[in-house]
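In what follows, a single structure is set out as structure tokens and then discussed.
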Amino acid sequence: MTAAVLYGREDLKIEKVGVPKFGDDDALVRVKVALTDGTDLKVWKQGYHPRMIQPPAVFGHELAGVVEALGRNVNGGMRVGMRVVPANSAPCGICVFCRKNNENLCEDLLFNNGAYAEYIRIPGRIVRQNMLEIPDHVSYMDAALVEPLACVLRGIVETGIQPGDTTVVVGCGPIGLMFVRMLSIEGVRVVALAKRQSQIRAAQRLGAVAAFDVSKLDNPIQRVRQLTERGLGADSVIEAVGSPTTWEWAMQMVRRGGTVNLFGGCPRDSRVEFDPAVLHYSEITLKSTFHHTPRFIRAALDAVARGSIRASDFITGEVPLQELPQVFEHMKHRNGELKTAVIP
């Protein structure tokens, strides 16, 4: 089969490799579409991920496809020919974090990569917990959005956002725009901050009541607070960039008693400064939500099936697998595109 193999830092090759072997509990899925995302871009740039992938290896993790074959022990209604969306991980279910409903922090969280290929092996644990049938009316491209959407839905619940709240979303890449969309349809008043006009337009189209290009604002913090009741600040802030500057902005945009979700992870060795007096006496809650859990994978597929999220709002290009190296080179320069659909 043809696959994209990562050999190291920015070293991606399209090669012929063997179809993955699968065990008695596993499934073999023929990939119909795989989507690029920011995590894969980071992995490509650094050449590995300590928990997710060690080169040389086929990578990619957002996909939808068709069950090609099943191990002899697979049950639960799975069948050859079924249209499925497999998540990229599954928890062990027995460690202390799983028992405390923190499955995303599982000590033995099983990650799976290999979406940028004609076929992918889905380990038994993921087959049992996190591989779902795609409803007949849902396209493969729409279904492939389930994994990142699950992370967003978990972030919304963990932040405690309620209808009628004012929430600031800092950063309008695909993840930020998913926050904008899902919060807006739940009756949340969303203010979005971005760096490109294309992102501003997308945020407005997806429901933001206001969207600003931060490069054109002298004081983004002041501008945001002007849009809140009595200038007190937003009820919550979702930081979806991952930089010390925007983390600090988020703290200064939220009201007393509000919540900041530091969703975007900062680069290693970053340092962020907060005024401890403001944090303490204003009772600001700081949270960070990482990854997803089986509950939110199902919630995400339900949202896709309802039409709350559509691929047409997030996928800005479609390429054959052979062109994937050029796509990552293009993404490296932050061209403002959202997601690219890769067709093996």
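The values are calculated or read from the model by the stated rules, or taken from the named source; none is laboratory data. Computed from a predicted structure; not experimentally measured. No Cβ is skipped: glycine too gets one built from the backbone with ideal geometry, and neighbour counts run over all protein chains shown.
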Odd one out for Glu133 among (1) in contact with a helix residue (DSSP H, G or I) (Cβ under 8 Å, 6 or more places away or on another chain); (2) surrounded by fewer than 22 Cβ atoms within 10 Å (Cβ to Cβ):
(1)
Among all residue pairs at least 6 apart or on different chains, which show Cβ distances below 9 Å where the first residue, located in the range 322-344, is on the phi > 0 side of the Ramachandran plot and the second is not in a helix (DSSP H, G or I)?
Arg334/Lys195; Arg334/Arg196; Gly336/Lys195; Gly336/Arg196; Gly336/Thr316
Val169 fails exactly one of the following numbered conditions: (1) surrounded by 24 or more Cβ atoms within 10 Å (Cβ to Cβ); (2) outside the structural domain of Arg334 (by TED's automatic domain parsing); (3) in a helix (DSSP H, G or I); (4) in contact (Cβ under 8 Å) with a residue 60 or more places away in the chain. What is the number of that condition?
(3)
Among the listed residues Ile161, Ile156, identify the single one that is assigned to a loop (DSSP other than H, G, I, E, B), in contact with a helix residue (DSSP H, G or I) (Cβ under 9 Å, 6 or more places away or on another chain) and at pLDDT 95 or above.
Ile161
Step by step: first the residues of the range 288-300, then only those that are closer than 16 Å to Leu63 by Cα and buried (at least 24 other Cβ atoms within 10 Å of the Cβ), then the one that is nearest to the chain's Cα centre (by Cα). Which residue is that?
His292
